[in-house]
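Here's the structure we're looking at; comments come further down.
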Amino acid sequence: MYERFSERAHLVVDRAHEEARALRHWYVEPGHVLLALLREDQLEGLPDAPFGAVRAELVAALGKGTAEPGDFLPLTGETSAVFEVAAVEADRLGHRLVQPFHILLALLAGANTVVADVLSAHRTAPSPPRGSLVDPLARTLLDSLTGAPAAGPPPGPEIPVARTVPPPDHDPYVWAMS
């Protein structure tokens, strides 16, 4: 799945695993991918970007696990879908390699409620239609990840992504092993 990922996109995947491990989660979900994107080096020092607030709210929404995770952290189905959609977004834009901004586009197109809730809480404009990147936070993220102002890509096909259920009160992996 990662053959077309650029070095920076691979770094986002690695950082998503680091974020999941830091939160003591036994899996990598889309929220961890967004946290990894917020760690991109090019995002530092951007004026008026609420990345610290978004990061804090996302960490609070994801919560902390109760036990140290094992060596292998699997991707949830939703996270795998995000990476697959990132490749579709790269194709749609005519790019050979998947870059971090393609991953961001895939996250914005997905139906993950945690990511959507946190991002919508920081919007200063009404929710844009699919394919329109007028959301200021998304535009700032895209501008910084691409190095150029974001032009709205043409609307693509709606890609179904499973909606998540609220996280359980306990860590299911630890609970199953005890």
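The values are calculated or read from the model by the stated rules, or taken from the named source; none is laboratory data. Note that the structure is predicted; figures quoted are calculated from it, not measured. Counting neighbours? That spans all protein chains shown, and the Cβs are built from the backbone with ideal geometry, glycine included. What goes into the accessible areas is simple: the full protein's heavy atoms, side chains included, and nothing from ligands, DNA or RNA. Shrake-Rupley method; radii C 1.70, N 1.55, O 1.52, S 1.80 Å.
A few points about this structure:
- Coupling constants for segment 77-87 follow from the phi torsions by the Karplus curve (6.51 cos²θ - 1.76 cosθ + 1.60, θ = phi - 60°), and in residue order they are x, 5, 5, 4, 5, 4, 5, 5, 5, 4, 5 Hz; glycine and proline get x.
- Taken along its three principal axes, the alpha carbon spread of segment 1-124 comes to 42, 37, 26 Å, from the longest extent down to the shortest.
- For residue 75, distant residues with modelled amide H under 5 Å away: 28
- Measuring nothing but alpha carbons in segment 47-106 and taking Rh as the Kirkwood radius, the Rg to Rh ratio lands at 1.09.
- Here's how it looks for residue 5: its modeled amide H is under 5 Å from those of 98, which are all 5 or more places away or on a different chain.
- Amide proton proximity set for residue 24, modelled H, under 5 Å, gap of 5+: 65
- Accessible area (Å², 1.4 Å probe, nearest 10) - residue 88: 60
- Environment charge of residue 115, counting only residues whose C-beta is closer than 10 Å and scoring Lys/Arg +1, Asp/Glu -1: -3
- One decimal place: the segment residue 53-residue 68 gains 2.8 nm when fully extended, by the rule 0.36 nm per residue minus the C-alpha distance.
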